[in-house]
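Following: one structure in structure tokens, then a few remarks.
The values are calculated or read from the model by the stated rules, or taken from the named source; none is laboratory data. Since this is a predicted model, take the numbers as computed values, not measurements. For neighbour counting, all protein chains shown are included, and Cβ atoms are generated from backbone atoms with ideal geometry for every residue, glycine included. Side chains included, ligands, DNA and RNA excluded: accessible areas come from the protein's heavy atoms. Shrake-Rupley method; radii C 1.70, N 1.55, O 1.52, S 1.80 Å.
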Amino acid sequence: MTSPHRADDKNKMAASRECSSSKWEKLIELQEILQREEKIKQIKRRCFSDNNCGTGSGTSELSTTRTRNVSREDVLRQLESVIEDILTSISHQQPPLLTYNSRSRWDNIQFTDDVGLEMKGKPALTEVRFDAANSVKKFGITLRVVAMCYTLVQSNTYSTKRDLYYNDTKLFGSQSTLDETMENICCMLNVPRRSLHVLATSKGFIAGDLKFTEVDGNHVDCSTSKTGVLVPVHVQDISNVQSRARFVLVVEKDATFQKLLDDGMLEDMWPCIIITGKGFPDVNTRLMVRKLWTTLQIPILGLVDADPHGLEILCVYKFGSKSMSYESHSLTVPCIRWLGILPSDIDRLQVPRDALIPLSKSDLRKAKELMRRPYYKHLPDWMKEMQVLLDLGRKAEIQCLTAISRDYLTKVYVPSKIKYGGWI
């Protein structure tokens, strides 16, 4: 005969399992939908890569320009070819020039469902001429960076963009000049920056149920730090990724990231992963979010301010950016869902008006710009939320929820959104 105490314990355990199961029910449904969509995309990619597929006409998906991972030897040959072309022009008494795909023009960009913003297959080109007064310095800077990259690749060593800048600060003038030149060279050679052995210092942080091994053999456990772990520099080369996480939460701001950790959200919503790019995300953070999706195939949810700039940041994670469109296929995560703060949440939660901020002219310009982006018509629910924001005339930063209660964000808002599927 079963004792009453043992029966009570069994009932409590069953109730606990049922509660835990209901907490993840909507996430499990979303995960199944995303995995089905991913399988369909993979079938489409295989189909379009086969010239005999479908009608047999040999047509393919929209023609795009994408970077290729190539060997060190191939990269060296490409860099040598740049110099050879210049020497050939000089030998024929012609002014040398450099050409690459223009990264600043929206008419060079197209939208594809499975990637986002991608550079067209035959984009307009930018010319940097030695015989033009307005580009001769740019020509010299580009050759200097080409020489630096050649040395790095040839010696099989790596450097950060910051280190390259300090090699010749007088020539570059600013870090942004070096950064832009670096991306133009990547576009010219059609290779990712890491193939040129140039890295960017990471600024993003990650925490939660995640373990991996870095390229140098260092084992990282993201659950051990109270303030998060710096996103690795060699994201593409990490291995042995292990996690039982139910979801990944991409957070716009570092302050919000730290608040979630301080308020115990990892414990309350365990197992999960939280990551932040600390504002506009750097490439390494975007690569990491992409890596988590392709490796774990779990829902990726975004938590950003309810304003045009917050939405733009989420769109960069989801669809990429104009300037990096040639590498979108390795950076974007189109399956990201917008968890919050939704503009429609402001009235629904009765957020106090004095916790809101009037939309500035910059916000309004950004909103109009977003609504002209190639991807925007593919996001009808997001468009409705943007209209709600414009009609309200006010924006809500994530921290406005503290006006309801100090821990409303971590103890009520995020958990209830996840439990009831409050994302779009």
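Applying the criteria of a DSSP loop state and at most 15 other Cβ atoms within 10 Å to the chymotrypsin sites (Phe, Trp or Tyr not before Pro) of the range 166-274 yields no site. By the helix-only formula, in which each DSSP H run with n ≥ 4 contributes -39500 (n - 2.57) and the sum is divided by residues, the chain has a 222 nm mean residue ellipticity of -14000 deg cm²/dmol. The apolar share of the surface of the chain, taken as the fraction of accessible area on carbon and sulfur atoms (1.4 Å probe, ligands and nucleic acids excluded), comes to 50 percent.
What FRET efficiency comes out for the pair Lys419/Leu364, r = Cβ-Cβ distance, R0 = 35 Å, nearest 0.05? Walk me through the numbers before you get to the answer.
Working: r = 35 Å, r/R0 = 1.00.
Rounded to the nearest 0.05, the efficiency is 0.50.
Can you give the Rg to Rh ratio for the chain, taking only C-alpha atoms and Rh from Kirkwood?
On the way: Rg = 24.5 Å, Rh = 24.0 Å.
So for the chain, dividing Rg by the Kirkwood Rh gives 1.02.
Restricting the range 349-424 to trypsin sites (Lys or Arg not before Pro) that sit in a DSSP loop and have at most 13 other Cβ atoms within 10 Å of their own Cβ leaves Arg372, Arg406. Partner lysines whose Cα lies under 21 Å from the Cα of Lys259, excluding those fewer than 8 positions away in the same chain, are identified as Lys203, Lys226, Lys278, Lys395, Lys411, Lys417, Lys419. For the pair Trp106/Asp237, report the inter-label distance in nm, with labels modelled 7 Å from Cα in the Cβ direction. About 3.9 nm separates the two model spin labels.
By how many nm would the segment from Ile33 to Ser155 lengthen if fully extended, with 0.36 nm per residue of separation less the alpha-carbon distance? Please list the in-between numbers first.
Details: separation 122, 0.36 × 122 = 43.92 nm, distance 4.66 nm.
My answer for the length gained is 39.3 nm.
Summarising the label geometry, the points placed 7 Å from Cα in the beta-carbon direction at Asn167 and Phe280 lie 2.6 nm from one another. If you sort His92, His197, His329, His219 by accessible surface, 1.4 Å probe, largest first, the order is His219, His92, His329, His197.
Computed with every protein chain present, the accessible area of Leu296 is close to 40 Å² [probe 1.4 Å]. Per-residue accessible area (protein heavy atoms, 1.4 Å probe) orders Tyr375, Tyr408, Tyr420 as Tyr420, Tyr408, Tyr375, starting from the largest. Taking each residue as 0.36 nm, the span from Gln297 to Asp263 lengthens on full extension beyond its C-alpha to C-alpha distance by 9.5 nm. Take the Cα of Glu80, go 7 Å toward its beta carbon, and the backbone nitrogen atoms of the range 127-147 under 20 Å from that spot belong to 143-147.
For the range 65-125, just say rounded, prolate or oblate: build the C-alpha gyration tensor, square-root its eigenvalues into a ≥ b ≥ c, call rounded for a/c under 1.5, and beyond that prolate if a/b exceeds b/c, oblate if not. Oblate.
Which loop-located trypsin sites (Lys or Arg not before Pro) does the range 64-123 contain, where loop means any DSSP state but H, G, I, E or B and the Cβ has at most 15 other Cβ atoms within 10 Å?
On the way: sites: Arg66, Arg68, Arg72, Arg77, Arg103, Arg105, Lys120; in loops: Arg66, Arg68, Arg103, Arg105.
Hits after loop and neighbour filter: Arg68, Arg105.
Quick one: net charge around Glu369, please, counting Lys, Arg +1 and Asp, Glu -1 for every other residue with C-beta under 12 Å from its C-beta. Overall, the nearby charge balance is +4.
For Thr332, Thr227, give the ranking by accessible area with the largest first, probe 1.4 Å.
So, going from the largest accessible area down, we get Thr227, Thr332.
Report the FRET efficiency, 1/(1 + (r/R0)^6), for Asp354 and Ser71, where r is their Cβ-Cβ distance and R0 is 41 Å, rounded to 0.05. Show your work: numbers first, answer last.
On the way: r = 60 Å, r/R0 = 1.46.
That pair, Asp354 with Ser71, gives E of 0.10.
By the rule of a C-alpha distance below 22 Å, with chain neighbours fewer than 8 residues away ignored, the lysines paired with Lys120 are Lys41, Lys44, Lys318, Lys322, Lys377. Excluding same-chain neighbours fewer than eight residues apart, the aspartates and glutamates reachable from Lys161 by a Cα-Cα span under 17 Å are Asp179, Glu180, Glu183, Asp282.
Can you give the accessible area per residue of the chain, in Å², using a 1.4 Å probe? It would help to have the intermediate numbers written out before the result.
Values: 20690 Å² over 424 residues.
Ligands and nucleic acids excluded, the figure is 49 Å² per residue.
Distance between the pseudo-spin-label points of Thr224 and Ile90 (7 Å out from Cα toward the beta carbon): 5.4 nm.
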